[in-house]
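The values are calculated or read from the model by the stated rules, or taken from the named source; none is laboratory data. Owing to the predicted nature of the structure, the values given are computational and were not obtained by experimental measurement. Glycine gets a Cβ as well: all are built from the backbone with ideal geometry, and neighbour counts include every protein chain shown.
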Amino acid sequence: MTALPSSILFVCSENALRSPMAEALTKHRLGTSVFVDSVGVRDGELDPMAIAVMDEIGVDMSRHQSKRLDDLMDTSFEVIVTLSPEAQHKAIELTRVTASEVEYWPTPDPSVAEGHRDARLLAYRDLRDYLIKRIEARFIGTE
């Protein structure tokens, strides 16, 4: 069994939806045993639908403050998980001089889902459940 990394960074395009959800889910499951953070390649505002579907499972991420990759003071994370192609390219560029392990988890963006509110919420729930499975498989099995 592989040991848990000491630090994990989730990166997506805007730190408004996918990466904050992954951060909150990982912190909810691992607590303080691992340092977990998230950033975006660009600025973004936290998505209210993401907050809503996380509330459904008892995870509060309403106080999340979006951050940009360029604003990180320390980029020496043991594992960097990228959730969008843009984030993957930036992370590879960033880690050319570090020992960070970069993993790409192709993750759909539910904010582009069309239809009525319930249909759109379903896309957000699908993302949440996908992230839970990926986090469980990658990090929880190593506890």
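Residues in the stretch 110-143 that are touching a Phe, Trp or Tyr at 6+ places or on another chain (Cβ under 9 Å) and modelled with pLDDT of 90 or more: P110, Y130, L131, R134, R138.
There is at least one residue in the stretch 21-32 that is without any contact (Cβ under 8 Å) to a residue 12 or more places away in the chain and surrounded by fewer than 16 Cβ atoms within 10 Å (Cβ to Cβ).
Here K90 meets the list (1) within 16 Å of L131 (Cα to Cα); (2) surrounded by 14 or more Cβ atoms within 10 Å (Cβ to Cβ) almost entirely, failing just condition (1).
For the stretch 93-107, state whether one or more residues are modelled with pLDDT of 90 or more, of a type outside the set (G, A, S) and in a helix (DSSP H, G or I). Within the stretch 93-107, none of the residues are modelled with pLDDT of 90 or more, of a type outside the set (G, A, S) and in a helix (DSSP H, G or I). For the stretch 1-43, taking the residues that are in a loop (DSSP other than H, G, I, E, B) and among the hydrophobic types (A, V, I, L, M, F, W, C), the one that is farthest from R63 (Cα to Cα) is identified as M1. Among the residues of the stretch 50-80, the ones that are closer than 17 Å to I132 by Cα and part of a helix (DSSP H, G or I) come to 6 in all. Checked against (1) under 24 Å from E136 (Cβ atoms); (2) in contact with an Asp or Glu (Cβ under 7 Å, 6 or more places away or on another chain); (3) of a type in the set (S, T, Y), S66 meets all criteria but (1). Checked against the criterion of being crowded, with 17+ Cβ neighbours inside 10 Å, of a type in the set (A, V, I, L, M), farther than 18 Å from V11 by Cα and touching a residue at least 60 places away in the same chain (Cβ under 8 Å), the candidates L83, L121 yield just one match: L121.
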